[in-house]
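Working notes for the structure below.
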Amino acid sequence: MQISFWLVGILFAVKAAEIVLRVRLDPFGILPRDTHGLIGILFSPLLHGGTAHLIANATPLFVLLSILLWDRNYKPGSTIAIIWIFSGLGTWCLGRQEFQGEPTVHIGASSLIYGLVAYLIVAGFRMESWRAIFMAIGVFVFYGGIFYGVIPRDGLVSWEGHLCGAIAGAWAAVRQHR
């Protein structure tokens, strides 16, 4: 749980740095199909549009990371890396480039949240462990409703990031638990 606290704490530290230094780090988000936007694959989960956006992501991310880190059989290091990189790469490939005539920058940890939810559900049933199955059911009950967020819609919410995160999480579970 301590690692989850520190990982989520990094998100707050980045937002605090933006506020204190009076600088916007959004340009380091994912700009789809733009070579400058590739840097966003690494940085976009750390960036949030405002404190409300950050707080909305912080609690579920903390809970899901705690579950993931609770059991080494989930292979937390490689799981986080796979979800982080492939959800970002997918968003870079599939994401909208503009909304209402303005360039769209995809930011936020929600791609990780969707990836972790999908991973924990799929891995839970592939690991052949009662504990993992119960955890998968619990994650589905508490967080399964978020999958409405992968449905395409207008607006600033990156449904593409949600979709790519969920796909990356499911793929990581299948890949790591054959």
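No value in this document is a laboratory result; all are computed from the given coordinates. Given the structure is predicted, the values throughout are model-derived calculations rather than measurements. Please note: Cβ atoms are built from the backbone with ideal geometry, for glycine as well, and neighbour counts cover all protein chains shown.
With a/c under 1.5 counting as rounded, go ahead and sort segment 1-105 into rounded, prolate or oblate using the C-alpha gyration tensor (a ≥ b ≥ c being the square roots of the eigenvalues; past the cut-off, prolate if a/b is larger than b/c, else oblate).
oblate
How large is the dipole of the chain about the Cα centre if only Lys and Arg carry +1 and Asp and Glu carry -1, each at its Cβ, rounded to the nearest 20 debye?
The dipole magnitude comes to about 440 debye.
Which order results if Thr35, Thr59 are arranged by neighbouring Cβ count within 10 Å, fewest first?
Exposure proxy ranking, most exposed first: Thr35, Thr59.
Can you tell which of Val157, Leu21, Tyr143 lies farthest toward the positive end of the dipole of the chain, using +1 and -1 charges on the Cβ of basic and acidic side chains (Lys, Arg; Asp, Glu)?
Tyr143
Using a ≥ b ≥ c from the Cα gyration tensor of segment 21-80 (square roots of the eigenvalues), is it rounded, prolate or oblate, where a/c under 1.5 gives rounded and otherwise the larger of a/b and b/c decides, a/b for prolate?
Taking the square roots of the gyration eigenvalues as a ≥ b ≥ c, segment 21-80 is oblate.
Can you give me the angle between helix 51-70 and the longest principal axis of the chain, using Cα atoms only, in degrees from 0 to 90, rounded to the nearest 10?
30 degrees
Which peptide among 74-82, 49-57 comes first, and what is the full order, when sorted by highest mean count of other Cβ atoms within 10 Å?
74-82, 49-57
Taking the square root of 5 times each eigenvalue of the Cα gyration tensor, what semi-axes in Å does the equivalent ellipsoid of the chain have, largest first?
Sorted largest first and rounded, they come to 27, 18, 14 Å.
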